[in-house]
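> Got a structure here, written out as structure tokens. Questions coming.
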Number of protein chains: 2
Amino acid sequence: MPRRPTLEFWYEFASTYSYLAAMRIEALAEDAGVEVRWRPFLVGPIFAAQGWNSSPFNLYPAKGRHMWRDVEREAARLGLPPVKRPDPFPQNSLSATRAATYGMDHDWLVPFSKAVYEAEFAKGQSVAEPSAVVGLLNGLGLDGTVILKQAAAETNKGRLRVNGEEARSRGIFGAPTFLTGDGELFWGNDRLEQALAWAVGDRPGAMRE
Amino acid sequence: MPRRPTLEFWYEFASTYSYLAAMRIEALAEDAGVEVRWRPFLVGPIFAAQGWNSSPFNLYPAKGRHMWRDVEREAARLGLPPVKRPDPFPQNSLSATRAATYGMDHDWLVPFSKAVYEAEFAKGQSVAEPSAVVGLLNGLGLDGTVILKQAAAETNKGRLRVNGEEARSRGIFGAPTFLTGDGELFWGNDRLEQALAWAVGDRPGAMRE
């Protein structure tokens, strides 16, 4: 039997559009017959390398006003709960991303990632503090304290750094990003459908290359 | 008989995603029963106010690489010819925008605007020089030399400036932008469908406001 096509989903916990993608990728990928590999990463170092010390939605206020309104509209269109804004925005995502990086070898990565996003953008809660991350892990029936300790070990911190270097070297400049098995990069929640279509070989652009 | 709902289409001639929107907005608006008001403007002064002295796709190379690939894929998906890149990118759009601003009172605005985009992104031609703009106008059976002279008059240059101030004061930060009659702002070619739906009163987000 041929292997199912795969799609890498690179997501940042502080990112509103990563949230929208995270809440809908499973159903769409199931319908398309695509296996999703969830790839948590930190977009901060990539933004810093571009000279941004905060979210572009804070640095460019008109862009930020549109983003919040757009995410509100998109959440409604996608049938998600009304968006609540965490304070501050963006949330420091280091603890959650460390835990998720450790979770890449465990079957709780996806439910944990969705729990972080729901707390942050459907409930407007802070997810920055280690205690908040522990609480979310505990809520999944896991031992959050133990996991966060393992997530803070040097091995896992190194893996987080290596993932960030991989992101940059593969051309990632924002989140969410979808990468197909043949290296095709799609940026933004708006491109999820096209990325899935590409992954299964539906490629209008390829016909004339 | 009730007035047809309207949608303002703010576009910048140097913008690749404005090109994609320009080539498909007529058919989609016709299907939706929406009247489109074409609003040419210069995005350069708005970018300059944000501290950008060139296109963000040049300032941020990884973002730029994705944009060109994405526009290629999107053009294929939308059934448009393969995208050719004008050199340099972005093209100086002052002459074409002056002509289009003058054209806002004439019935050739839309065919002229589409002719500029096709020359620039389907043929990869320069549209920056006044002579190129004259040629495109002549190609539509108009007197390009006379039009460009009228477009360079102080009255028209003032109108172009006022349009730019209107864009900024209404929250526009990039192109293309769609504005509905009730002031709802949608940024980007990807939001054309949602903007049209909003214009005709199909507003999932409004139900819980």
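> Any idea what diffusion coefficient the stretch A:100-169 gets from Stokes-Einstein, in µm²/s, Kirkwood Rh on alpha carbon pairs, 25 °C, 0.890 mPa s? Each step should come with its number before you reach the end.
Values: Rh = 12.7 Å.
Reported coefficient: 193 µm²/s.
> Of B:ALA22, B:ALA100, B:ALA132, which is the most mobile in a GNM of chain B whose springs link Cα atoms less than 10 angstrom apart?
Comparing B:ALA22, B:ALA100, B:ALA132 in the GNM, the peak value goes to B:ALA132.
> Further question: Can you list the lysines whose alpha carbon is less than 29 Å from that of B:LYS84, not counting same-chain residues fewer than 8 positions off?
Hits, sequence-local ones excluded: A:LYS63, B:LYS63, B:LYS114, B:LYS123.
> Whole-Hz ³J(HN,Hα) for each residue in the stretch B:140-146, computed from phi via Karplus 6.51 cos²θ - 1.76 cosθ + 1.60 with θ = phi - 60°, x for glycine and proline: what do you get?
Per residue, the Karplus-derived 3J(HN,Hα) values read 8, x, 9, 9, x, 5, 5 Hz.
> Continuing with this model, one more query. Taking a label point 7 Å from Cα toward Cβ, how far is B:VAL162 from its twins in the other copies, in nm, shortest first?
For B:VAL162, the other copies' label points sit at 6.3 nm, shortest first.
> Work out Dmax and Rg for the stretch B:91-209 from the C-alpha atoms and quote the Rg first, both in angstrom.
For the stretch B:91-209, the Cα radius of gyration and maximum Cα-Cα distance read 16.7, 54 Å.
> For the stretch A:68-117, list whatever residues lose no less than 20 Å² of accessible surface once every protein chain is in place, relative to that chain by itself, with the probe at 1.4 Å.
The answer is A:ARG69, A:ASP70, A:ARG73, A:GLU74, A:ALA76, A:ARG77, A:PRO82.
> Follow-up question, since we're still on this one. Report the equivalent ellipsoid semi-axes for the stretch B:78-137 in whole Å, largest first, defined as the square roots of five times the eigenvalues of the gyration tensor built from alpha carbon atoms. Working shown, then result.
Values: eigenvalues 75, 41, 14 Å².
They are 19, 14, 8 Å, listed from largest to smallest.
> What are the residues whose amide H is under 5 Å from the amide H of A:VAL36, where those residues sit 5 or more places off or on another chain and H is modelled from the backbone?
Excluding prolines and chain starts, which carry no amide H, the hits are A:LEU7.
> A further question on this structure: Placing a label point 7 Å from Cα toward Cβ, how far apart in nm is B:PRO81 from its equivalents in the other copies, listed shortest first to one decimal?
5.2
> Once the Cβ-Cβ distance between B:ARG65 and B:ASN92 is put in as r, and R0 is 22 Å, what FRET efficiency do you end up with, to the nearest 0.05?
Between B:ARG65 and B:ASN92 the formula returns 0.45.
> Give the A-B buried accessible area in Å², both sides summed, 1.4 Å probe, nearest 100.
Numbers: alone 10770 and 10780 Å², together 18720 Å².
So the total buried area for this chain pair works out to about 2800 Å².
> Under a 1.4 Å probe, what is the accessible area of the stretch B:139-197 per residue, stated in Å²? Walk me through the numbers on the way to the answer.
Values: 2650 Å² over 59 residues.
Accessible surface, normalised per residue, equals 45 Å².
> If you take every DSSP beta bridge fully contained in the stretch B:6-208, what fraction is antiparallel? Give it as a percent rounded to 5. Before the final figure, lay out the partial values.
Working: 7 of 13 bridges.
Of all bridge pairs located within the stretch B:6-208, approximately 55 percent are antiparallel.
> Can you list the trypsin sites (Lys or Arg not before Pro) in the stretch A:140-209 that are in a DSSP coil and have 15 or fewer other beta carbons within 10 angstrom? Before the final figure, lay out the partial values.
Details: sites: A:LYS149, A:LYS157, A:ARG159, A:ARG161, A:ARG168, A:ARG170, A:ARG191, A:ARG208; in loops: A:ARG170.
Of the trypsin sites (Lys or Arg not before Pro), the ones in loops of the stretch A:140-209 whose Cβ has at most 15 other Cβ atoms within 10 Å are A:ARG170.
> Between A:ASP31 and A:LEU140, what is the spin-label point distance in nm, taking each point 7 Å from the Cα along the Cα→C-beta axis?
Those two pseudo-labels are separated by 2.5 nm.
> State the antiparallel share, in %, of DSSP beta bridges confined to the protein assembly as shown, rounding to the nearest 5. Please report the intermediate quantities before stating the final value.
Working: 14 of 26 bridges.
Counting DSSP beta bridges with both partners in the protein assembly as shown, the antiparallel share is about 55 percent.
> What FRET efficiency would be calculated for the residue pair A:THR155, A:ALA49, taking the C-beta separation as r and a Förster radius of 30 Å, to the nearest 0.05?
Details: r = 25 Å, r/R0 = 0.83.
Plugging the Cβ-Cβ distance into 1/(1 + (r/R0)^6) gives 0.75.
> Just want to confirm a number: the relative contact order over chain A, from Cα pairs under 8 angstrom separated by 6+ residues, in percent. Please report the intermediate quantities before stating the final value.
Values: 296 pairs, mean separation 62.8, N = 209.
The normalised contact order for chain A reaches 30 percent.
> Expected output is a single nm value to one decimal: the length gained when fully extending between B:ARG77 and B:ARG168, i.e. 0.36 nm times separation in residues minus the C-alpha distance. What is it? Provide the component values of the computation, followed by the final result.
Details: separation 91, 0.36 × 91 = 32.76 nm, distance 3.19 nm.
Working it through step by step, the gained length comes to 29.6 nm.
> First obtain the Kirkwood hydrodynamic radius of the protein assembly as shown from its Cα pairs, then insert it into the Stokes-Einstein equation at 25 °C and 0.890 mPa s, and state the resulting D in µm² per second as a whole number.
So the translational diffusion coefficient is about 106 µm²/s.
> Something else: Report Rg(Cα)/(2.2 N^0.38 Å) for the stretch A:33-155, keeping two decimals.
Working: Rg = 15.5 Å, N = 123, 2.2 N^0.38 = 13.7 Å.
Cα Rg divided by the expected 2.2 N^0.38 Å: 1.13.
> Now for a different question. In nm, what is the difference between 0.36 nm times the number of residues separating B:VAL110 and B:LYS84 and their Cα-Cα distance? Show your work: numbers first, answer last.
On the way: separation 26, 0.36 × 26 = 9.36 nm, distance 2.14 nm.
Net length gain for the segment: 7.2 nm.
> Right, another one. Identify, for chain A, the residue whose C-beta comes nearest the rotation axis onto chain B, and round that distance to whole Å.
A:ASP190, 2
> If you average the alpha carbon positions of the stretch B:69-124 and of the stretch A:52-76, how far apart do those two centres end up, in angstrom?
28 Å
> Ok, one more. Using a loss threshold of 40 Å², tell me which positions in the stretch B:172-207 are less accessible in the complex than in their chain alone. Probe radius 1.4 Å, ligands and nucleic acids ignored.
B:PHE173, B:GLU184, B:TRP187, B:ASP190, B:ARG191, B:GLN194, B:PRO204
> Taking N as the number of residues in chain A, what is its alpha-carbon radius of gyration divided by 2.2 N^0.38 Å? Before the final figure, lay out each step's value.
Details: Rg = 16.9 Å, N = 209, 2.2 N^0.38 = 16.8 Å.
That ratio works out to 1.01.
> Once neighbouring chains are kept in place and the probe is 1.4 Å, which whole percent of the accessible area of chain B is contributed by carbon and sulfur? List each step's numbers first, then the result.
On the way: 4960 of 9370 Å².
Percent of accessible area from carbon and sulfur atoms in chain B: 53.
> Along Cα→Cβ at 7 Å, what distances in nm separate the B:ALA48 label point from those on the other copies, shortest first?
B:ALA48 label point versus its equivalents elsewhere: 3.4 nm.
The values are calculated or read from the model by the stated rules, or taken from the named source; none is laboratory data. Keep in mind that this is a model prediction, so the values were computed, not measured. Cβ atoms come from the backbone with ideal geometry, glycine included; neighbour counts cover every protein chain shown. Remember, those area values only see protein heavy atoms, side chains included, never the ligands or the DNA or RNA. Shrake-Rupley method; radii C 1.70, N 1.55, O 1.52, S 1.80 Å.
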